[in-house]
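Derivation of every value follows stated rules applied to the coordinates shown; laboratory data play no part. Everything numeric in this text was worked out from a predicted model, so none of it was measured. Every residue, glycine as well, gets a Cβ built from its backbone with ideal geometry; the counts of neighbours run over all protein chains shown.
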Amino acid sequence: MNRYLLLALVLRFLLVIAPAEAAGPIYKIDKIDKAEDIANASEACASCHGDINTQWKMSVHSSSLLHSIDGIYSYIVDGIERDPVRKGLPLRTELMKCLYCHAPVMEYASDKFVKEVVDAIKIAGGKSANPEGKKKAKDLLSHLNVSCYTCHNMKAVPPPNTPEKQTVYGPGNVTGNTTYHNAKKTMFLDNSIFCMQCHGVYTAPDSERIICSTIAQSYRDQYVAAGGQTTCQECHMRKNNRGHTFPGAYVPDMLKEGMLLEVNARAFKTQSYGEKKWIPAAAITVDITNKAGHRIPDGCMWTSRVLLTVTATDEKDKVIWSANKEFFEPGLDIEGNRRYDTWEVKDILDYSLQPRKTTTEKYYAVFPEHEKLVKIEAKLAYIHKDGLEFPVHSERKVLKYN
Ligand code: HEC
Ligand code: HEC
Ligand code: HEC
Ligand code: HEC
Ligand code: HEC
């Protein structure tokens, strides 16, 4: 018999006995050769789950590469290309040290596509490039994100299990198959550990530790350890029907909910020892309570800080006394120097606001001798970096002296 005919018969036999692929016609990411492969997979869910897709578009999950482009660009240019050690390692392994969380589907990318994405990051994040080239690069990168597929397939089953193809894992309102895709129920999606896969310290396959987000550690060791019982999903999805918008530190209402501010000020008069004059003064107490499920602020944007300013003004609104305090989480490199770039941070110090705790600041403020009326104002702001700042709360007290 002709060997091609034999091969054809064997193949035919295999096809007949192979289990039929499930209904889902749309998404099946085995290998990504071009941006359209990913774009199509995201669009696929949008056509039927329109509302959820609209919500997800509001969240930073939908732009998790472009939103962090400055940091990822500097990792590629300063971290990989200028470092003889990293430069010698496989580009994919090094890139995944960020994209494992910022764009997990890159796990399936061909070597050619990995290179294309790295080049696009260099153009999109760099300063000099023609506007058209930059736009093209950003278009490509806009498809790389924490997508529906990422959460409902790739990260939806805890290792060592692996997700099945063409299957969406959900909380179980639908079990079994719809006409469009297989659906499997999983408890994992309701568990904080599901979110902690990406929102915590990451150990790469070569054992390098990447400290970007530190929420997972703070949730477990500071919040749950202090008696906290709420899950990430309850606060970030179910509460106020937040659904898939995943609000965080870029959403003013969420920041307001996360921190409470209370100010108490008591007027009294003071005297230097041995002197006769009475001078107006105040005992000021500021209480800040962290109502979130973890420290505020969190790392990654290693410039983030919560700033408390307390000022006293006189009747003419002139500032006569002020104080401020920053709450933050500085990142340190292996030599113990403070760093702002994710790949350099290997250790942290903790000056943040702790969950389930009230932090109290006390001031003994002394004012100019003639003041009869003093206005005390405490303000709380969340600063991501200089120039990107959200006011959170402010509270005033008026003190009178006679
Ligand atoms: C384990 C998952 C994980 C890894 C690995 C990771 N990140 Fe992140 N990254 C996150 C999460 C989650 C956030 C959001 C954190 C937050 O606000 O608490 C984030 C936020 C950021 C931000 C701040 C975004 C903003 O504007 O608020 C930058 C910049 C960043 N990452 C860069 C990097 C770089 C560069 C790497 C690789 C060296 C990296 N990340 C590796 C999970 C990760
Ligand atoms: C960051 C992870 C994440 C991403 C991204 C994500 N989901 Fe979800 N999704 C969840 C979690 C967690 C739940 C369960 C929520 C709960 O238990 O309250 C859920 C629930 C659902 C449900 C069932 C509950 C409901 O509201 O009907 C559907 C359907 C769904 N997601 C579709 C999508 C689609 C479509 C996208 C993309 C547009 C998407 N998800 C993106 C994590 C995610
Ligand atoms: C052609 C329509 C269609 C497409 C495309 C589609 N779905 Fe669905 N999906 C449904 C229907 C119908 C249901 C069942 C009713 C419902 O929950 O809305 C469902 C249910 C779900 C559930 C809930 C399962 C549970 O446990 O309750 C999830 C999660 C989900 N889809 C995710 C996705 C994701 C992710 C994509 C894209 C990769 C996608 N779907 C694409 C029609 C679709
Ligand atoms: C596949 C990884 C991944 C998973 C799983 C994931 N996230 Fe995220 N999440 C990210 C990344 C990456 C960012 C930061 C994107 C950026 O700023 O560039 C982020 C950002 C956020 C933010 C906004 C942070 C800010 O600075 O305001 C919130 C809130 C959030 N995630 C909550 C959740 C919750 C709740 C879950 C679980 C239901 C979850 N995430 C699951 C990767 C993930
Ligand atoms: C008790 C409610 C609550 C719980 C539980 C909770 N969060 Fe939050 N989270 C908040 C509030 C409120 C904020 C806004 C204040 C802030 O920026 O920290 C926030 C902010 C965030 C941010 C942005 C932090 C920053 O400073 O950039 C991320 C990311 C996040 N949460 C993820 C998670 C994850 C992941 C979990 C579970 C491990 C979780 N949260 C558990 C209430 C909660």
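List of remarks:
- Residue-span extension gain [Lys318 to Asp253] - 0.36 nm each, minus C-alpha spacing: 20.3 nm
- Bins of 10 Å from zero: percent of alpha-carbon pairs in segment 19-190: 9, 35, 34, 16, 6, 0
- With Cα atoms, 0 to 90° folded angle of helix 91-102 axis to the chain main axis: 60
- Amide proton proximity set for Lys184, modelled H, under 5 Å, gap of 5+: Val168, Tyr169, Gly170
- The Cα atoms of the chain give a gyration tensor whose axes a ≥ b ≥ c have a/c of 1.5 or more with a/b greater than b/c, which makes the shape prolate.
- Overall form of segment 66-107 per C-alpha gyration tensor (a/c, 1.5; a/b vs b/c): oblate
- In segment 345-382, trypsin sites (Lys or Arg not before Pro) in a DSSP loop with at most 14 other beta-carbon atoms within 10 Å: Lys357, Lys372
- Listed by chain and number, the aspartates and glutamates whose alpha-carbon sits under 14 Å from that of Lys115, ignoring those within fewer than 8 places in the same chain, are Asp33, Glu81, Glu94, Glu107.
- Under the combined filter of DSSP loop state and at most 10 neighbouring Cβ atoms within 10 Å, segment 172-238 retains none of its chymotrypsin sites (Phe, Trp or Tyr not before Pro).
- Over 24 Å between alpha carbons, listed pairs Lys155/Lys291; Lys31/Lys155; Lys138/Lys346: Lys155/Lys291; Lys138/Lys346
- Excluding exposed DSSP-loop GluC sites (Glu not before Pro) (at most 15 other C-beta within 10 Å), longest clean stretch of the chain: 22-163
- Working note: Karplus 6.51/-1.76/1.60 with θ = phi - 60° gives segment 304-314 the couplings 4, 7, 9, 10, 9, 10, 10, 10, 10, 10, 8 Hz, where Gly and Pro are set to x.
- In this structure, Ala283 and Lys357 have a Cβ-Cβ separation that, at R0 = 25 Å, corresponds to a calculated FRET efficiency of about 0.65.
- The chymotrypsin sites (Phe, Trp or Tyr not before Pro) of segment 231-336 that meet both conditions, a loop assignment by DSSP and at most 13 other Cβ atoms within 10 Å of the site Cβ, are Tyr273, Trp278.
- Here the Karplus relation 6.51 cos²θ - 1.76 cosθ + 1.60, evaluated at θ = phi - 60°, turns the backbone of segment 165-180 into coupling constants of 5, 6, 10, 9, 9, x, x, x, 5, 10, 10, x, 9, 9, 5, 9 Hz, with x for every Gly and Pro.
- Under the Karplus curve 6.51 cos²θ - 1.76 cosθ + 1.60, θ = phi - 60°, whole-Hz ³J(HN,Hα) for segment 210-220, x wherever Gly or Pro sits: 10, 9, 10, 8, 10, 5, 4, 5, 5, 4, 6
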